[in-house]
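The values are calculated or read from the model by the stated rules, or taken from the named source; none is laboratory data. Computed from a predicted model, the values in this text were never measured in an experiment. Cβ placement follows ideal geometry from the backbone for every residue including glycine, while neighbour counts extend to all protein chains displayed.
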């Protein structure tokens, strides 16, 4: 497999019983690329992310992140990736600051309190730093989730439907944060239903249907209308 790839998978498959959720995916993402994978519910997008993060074992195939296997080199890989899911994985009884300090210590990061404050400023939550997370709106929890995922300055960031449940203001804040991640030269793989936001943020877009990547091209090749047309055609062709 290519040593220079940030993400590389070959013939990746994962089945649940007789049903394939990921069905022979091949994907190479170079360092610094921002790729968004679109697809309908049940396309296998979240399963693909969980495989890449080492949260699931593949039925078949090979995965490399920065040249490492997430299963064989799990501790090292986890130190170099960030995962932002639509489930926040936050402790509601703790404050925003306490949540970040807790996770910083899990990563054995130096200067946990200072690092937590820096990330809270970045996501616009310093004024609520000491409030319990259970009092936060969905958008605020998502911002804190992003702060948690970026605590250790990961090389590769995975996002699973990050716009789900966000209002307009929270969506704008999320877009600004993702722009900042992209500006740092990090590799990003996002799955989302939001065609407009996904296209504007990405250097590359792909479409997934029935466990397979059925389209993969530079984002600059497509307008939003062209992407909508292509998406509808590809999903219909693979689901009919």
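Data table
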read-out: Unique residue being closer than 24 Å to residue 30 by Cβ and touching a residue at least 24 places away in the same chain (Cβ under 8 Å) when the list is 222, 177, 230; value: 177
read-out: Residue in segment 50-57 that is under 30 Å from residue 232 (Cβ atoms), touching a residue at least 60 places away in the same chain (Cβ under 8 Å) and surrounded by 19 or more Cβ atoms within 10 Å (Cβ to Cβ) present; value: yes
read-out: Meets criteria (in a helix (DSSP H, G or I), surrounded by fewer than 16 Cβ atoms within 10 Å (Cβ to Cβ) and in contact with a helix residue (DSSP H, G or I) (Cβ under 8 Å, 6 or more places away or on another chain)) for residue 170; value: no
read-out: Residue satisfying condition, being free of Cβ contacts under 8 Å to residues at least 60 places away in the same chain and in a helix (DSSP H, G or I), within set 71, 144; value: 144
read-out: Given (1) closer than 24 Å to residue 178 by Cα; (2) at pLDDT 90 or above; (3) surrounded by 14 or more Cβ atoms within 10 Å (Cβ to Cβ); (4) out of contact with any helix residue (DSSP H, G or I) (no Cβ under 7 Å at 6 or more places or on another chain), number of the condition residue 91 does not satisfy; value: (4)
read-out: Test result for residue 165, surrounded by fewer than 17 Cβ atoms within 10 Å (Cβ to Cβ), touching a helix residue (DSSP H, G or I) at 6+ places or on another chain (Cβ under 7 Å) and part of a loop (DSSP other than H, G, I, E, B); value: yes
read-out: Scan of segment 83-115 for residues that are assigned to a helix (DSSP H, G or I), within 16 Å of residue 154 (Cβ to Cβ) and touching a residue at least 24 places away in the same chain (Cβ under 8 Å), ordered by number; value: 100, 103, 104, 115
read-out: Residue count for segment 29-54, restricted to those that are part of a loop (DSSP other than H, G, I, E, B), touching a helix residue (DSSP H, G or I) at 6+ places or on another chain (Cβ under 6 Å) and farther than 12 Å from residue 208 by Cα; value: 1
read-out: Criterion: more than 29 Å from residue 221 (Cα to Cα) and either crowded, with 21+ Cβ neighbours inside 10 Å or at pLDDT below 95 (or both) - qualifying residue of 82, 39, 111, 61; value: 111
